[in-house]
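Everything below concerns the one structure shown next.
The values are calculated or read from the model by the stated rules, or taken from the named source; none is laboratory data. Keep in mind that this is a model prediction, so the values were computed, not measured. Methodologically, a virtual Cβ is constructed for each residue, glycine included, from the backbone with ideal geometry; neighbour enumeration extends over all protein chains shown. All accessible areas refer to the heavy atoms of the entire protein, side chains included, with ligands and DNA or RNA removed. Shrake-Rupley method; radii C 1.70, N 1.55, O 1.52, S 1.80 Å.
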Amino acid sequence: MGRRLHRVGEYILHRIEADDGSIFGVCPPDRRPPPTATVERMEPSDASQCRRLVSELPGPVSLALQRRRDHAVTTAVSTSVPLFIEAAEGAILIDVDGNRLIDLGAGIAVSSVGHRAPTVVEAVSNQAARFSHTSFMINPYEGYVAVCERLNACTPGDHDKRSALFNSGAEAVENVVKVARRVTGRQAVVVFDHAYHGRTNLTMALTARNLPYRDGFGPFSPEVYRAPASYPFRDPEGMTGRAAADRAIGLIERQVGAANVACLLIEPIQGEGGFVVPAPGFLPALASWCADQGILLAADEVQTGFCRTGRWFACEDESIVPDLVATAKALGGGLPLSAVTGRADLMDAVHPGGLGGTFGGNPIACAAALASIDLMEANDLPSAARHIESTAMPRLMALAGAHRGIGDVRGRGAMLGLELVLPGTSEPDPSAARRVVETCLRSGVVALTCGTFGNVIRLLPPLTIDHVLLLDGLEVLGSAIDEVLDPDR
Ligand SMILES: Cc1ncc(COP(=O)(O)O)c(C=O)c1O
């Protein structure tokens, strides 16, 4: 190891000569050194968990694959990071050119237990060696039942519950709506501004943002009504959660009529819409109004669920107990699996055969889910998410203090966002967000954007991320923000 440089908190930065031309973890002031430069490195506890660039990005193998992709894959499926991945481990993505990148996106909140978690890999290969498909609707198997048992036990509320398994988040949300309409005999579904619920026809109708999700894809499923969300950064100053709920309830009562509403579908923290955390009191006020009106409260915990926000489910923060919960993403530990979990009386009121699908609850995905949930419990991943928040938040707040182009810092647990604006205004600055993410990538850090206005940088690392690797990623993010928001410094 090279010469000791200085301390960052409890960690020591080292300067090392890269003898094979590789770039190790890069910290300021050497933001983009040439491959042979002397660079700085922080030591992670696990040697596999370090950032290291060995080529230009994208490298030659990624570029060659990109050319193949251009001739084979429609441009309608876009890719935000043009690096093809060969392997992944923990919070490191290894691309086909051998670059090791810090993954601050976890494949959009999926790889919460880390990439290639050994027990998940073992569970998947054991199950694949036994059988990979029967269709639970034809021949049942224990894994499906076991996942439903775990879901019934870990979702909010200790009431009697039942679950059904599907493949994607959108499919779970569609089935939430099916159950709600079937059991209430009502048709209207209320969703919110900035909501994202998927890309199928019904979930496009539920999703708020036009481009890229809805544009030109109509007509959409009817009986979907949109209410204003609580968005503290953009709401009138001082608006409480209660007042934001009254605003939404008033609109629903005037324009839809409470008696027509089957369910109110809400993300407890909005994901694609911009990591929007509602003002305290918003969710409880909506929940109690729903209960009074016989409206089912349906939580879309597809992105927030399974420890991401520092709790098993984000609803728990304000003691919300939804009637129905949609989950997906982290549930399957990297394999496609989603679920609807709800009150037993509701779920069992649907006629037999009313829910299902050929692949829903695939046995390999169930094995991965059981191993992932075991890891979440054994490693107390809600605490890990809170630790990520306590590490990242002060650094993000310091950046916001230094840059008037950061309008808001928000989020909970390991779901954190920075909303970028034209300095001193609330005017969204999507171009700056995009440039920050591109600058991060050039240093080997994968971060994502989101938001109705495309101006939010979101951090969603694997919850198991090595502490030093997280610090390194945050350091890179900070340098990128300095570079983009204050190029003259
Ligand atoms: C809150 C929420 N609901 C639903 C979905 C749709 O999930 P999927 O992409 O698996 O269909 C997403 C995906 O990002 C999501 O964040």
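Quick notes
- Radius of gyration over Kirkwood radius for segment 42-124, both on Cα atoms: the Rg/Rh ratio is 1.01.
- Each label point was placed 7 Å from the Cα along the Cα-to-Cβ direction; for GLU223 and ASP160 their separation is 2.7 nm.
- Using alpha-carbon coordinates, inclination of helix 60-72 to the longest axis of the chain, degrees: 30
- Every Cα-Cα pair of the chain was included, and the share exceeding 44 Å stands at 14 percent.
- Extension gain for the segment MET393 to VAL145, taken as residue separation times 0.36 nm less the Cα-Cα distance, is 85.4 nm to one decimal.
- What the pair-distance distribution of segment 144-263 shows, using all Cα-Cα distances binned every 10 Å from zero, is 12, 33, 36, 18, 1 percent.
- Total charge dipole magnitude, segment 119-378, about the Cα centre, Cβ charges on Lys, Arg, Asp, Glu only, Debye to nearest 20: 580
- Here the translational diffusion coefficient of segment 167-221 follows from Stokes-Einstein with Rh set to the Kirkwood radius across Cα pairs; for 37 °C and 0.692 mPa s it amounts to 283 µm²/s.
- Working from Cα pairs under 8 Å separated by at least six residues, relative contact order for the chain is 20 percent.
- Between ALA76 and THR358, the distance separating the two model label sites (each 7 Å from Cα on the Cα→Cβ line) works out to 2.0 nm.
- For segment 93-218, the Stokes-Einstein estimate of translational diffusion at 20 °C and a viscosity of 1.002 mPa s comes to 117 µm²/s, using the Kirkwood hydrodynamic radius over alpha-carbon pairs.
- Relative to one another, the C-alpha centroids of segment 294-367 and segment 262-288 are positioned 16 Å apart.
- Multiplying each eigenvalue of the alpha-carbon gyration tensor of segment 244-369 by 5 and taking the square root yields semi-axes of 27, 20, 11 Å, largest first, rounded to whole angstroms.
- In order along segment 477-485, phi translates into HN-Hα couplings of 4, x, 5, 5, 5, 4, 5, 7, 8 Hz, rounded to whole numbers, per the Karplus curve 6.51 cos²θ - 1.76 cosθ + 1.60 with θ = phi - 60° and x for Gly and Pro.
- All-pairs alpha carbon distance profile, segment 206-295, 5 Å steps from 0, percent: 3, 13, 22, 23, 20, 13, 6, 1
- Dipole magnitude of the chain, debye to nearest 20 (Cβ charges: Lys/Arg +1, Asp/Glu -1, about Cα centre): 640
- Between 0 and 90°, nearest 10: helix 118-130 axis offset from the chain longest Cα axis: 60
- Here the chain has 52 percent of its accessible surface on carbon and sulfur atoms, given a 1.4 Å probe and all protein chains in place.
- If you model segment 382-461 as an ellipsoid using its alpha carbon gyration tensor, with each semi-axis the square root of five times an eigenvalue, the axes come out at 20, 15, 11 Å, biggest first.
- Sites MET137 and ASP246 - FRET efficiency at Förster radius 45 Å, r taken between beta-carbons, to 0.05: 0.55
- The mean sequence distance of close C-alpha pairs (under 8 Å, at least 6 residues apart), as a share of the length of segment 119-378, puts its relative contact order at 31 percent.
- P(r) histogram, all alpha-carbon pairs of segment 119-378 included - 5 Å bins from 0, percent: 1, 6, 13, 18, 19, 17, 12, 7, 4, 2, 1, 0
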